[in-house]
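Have a look at the structure below, then the notes.
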Amino acid sequence: MAVLPIRTVPDPILRKKTKRVGVIDRSIKKLIADMRETLHADAGRVGLAAPQIGVSLRVTVICLPEEEDIILINGEIARRKGQRLVSEGCLSIPGYIGELYRAESVTVKGLDINGKEIRIKAEGLLSQALEHEIDHLNGVLYVDRLENADALRKIEPEDIEI
Ligand code: CO
């Protein structure tokens with residue numbers, strides 16, 4: 001396992017649509033182990049998508065405070081409900097935070113680390129993190145969803161980065 005450097009804008013890998021994982025082999029398990037270690041290297045980190053460490057595959061890991069890590073392979077949003085205004089940052093856009101609309105709740109489907117199909121129904125921070133990380137898999141960054149340029153500001157110490 002290793003803590004890997006996080007790719008930041010304007011690295012082109014952040015704008016590429018990722019490929020689906022075929023077989024969850026040793027290399028995928030190692031990728032997930034590295035992603036988890038990289039995520040836990042800093043307590044403020046909530047989620048990570050594989051392109052952020054230079055791998056263009058549909059793999060994300062989310063870790064909410066006091067919760068088990070959520071590993072999601074080939075994740076996609078099955079359903080979005082409602083809309084709410086949130087503040088959001090990204091490890092790949094250090095130093096900034098923006099305001100944008102996210103769903104009130106989402107249903108996400110994908111595979112767990114054993115290749116078993118999973119569905120996750122989420123609201124609150126988990127819903128926001130799932131939308132943010134799945135956006136990464138499609139080459140989308142939160143700054144693409146800002147209402148306007150004024151909705152981006154410099155980060156304050158209490159803000160969290162997804
Ligand atoms: Co991000």
key: Of all residues in the range 137-159 being within 30 Å of residue 25 (Cβ to Cβ) and not in a helix (DSSP H, G or I), the one that is nearest to the ligand (Cβ to nearest atom)   = 141
inquiry  = Which residue is farthest from residue 85 (Cα to Cα), if the candidates are limited to the range 120-136 and must be in a strand (DSSP E or B) and open to solvent by less than 30 Å² (accessible area, probe 1.4 Å)?
reply    = 120
message = I need the full set of residues from the range 1-43 which are in a loop (DSSP other than H, G, I, E, B), open to solvent by less than 30 Å² (accessible area, probe 1.4 Å) and farther than 21 Å from residue 144 by Cα, in order please.
response = 21
message = Here is a check on your reading of the model: is residue 129 small (Gly, Ala, Ser) and either more than 25 Å from residue 7 (Cα to Cα) or touching a strand residue (DSSP E or B) at 6+ places or on another chain (Cβ under 8 Å) (or both)?
response = yes
key: Condition broken by residue 67, with the remaining ones in (1) within 22 Å of residue 43 (Cα to Cα); (2) surrounded by 19 or more Cβ atoms within 10 Å (Cβ to Cβ) satisfied   = (2)
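The values are calculated or read from the model by the stated rules, or taken from the named source; none is laboratory data. The model shown is predicted, which means the values in this text are computed figures rather than measured ones. All Cβ positions, even for glycine, are placed from backbone atoms using ideal geometry, and neighbour counts span all protein chains on display. In case anyone asks, the SASA skips ligands and DNA or RNA and just uses the protein heavy atoms, side chains included. Shrake-Rupley method; radii C 1.70, N 1.55, O 1.52, S 1.80 Å.
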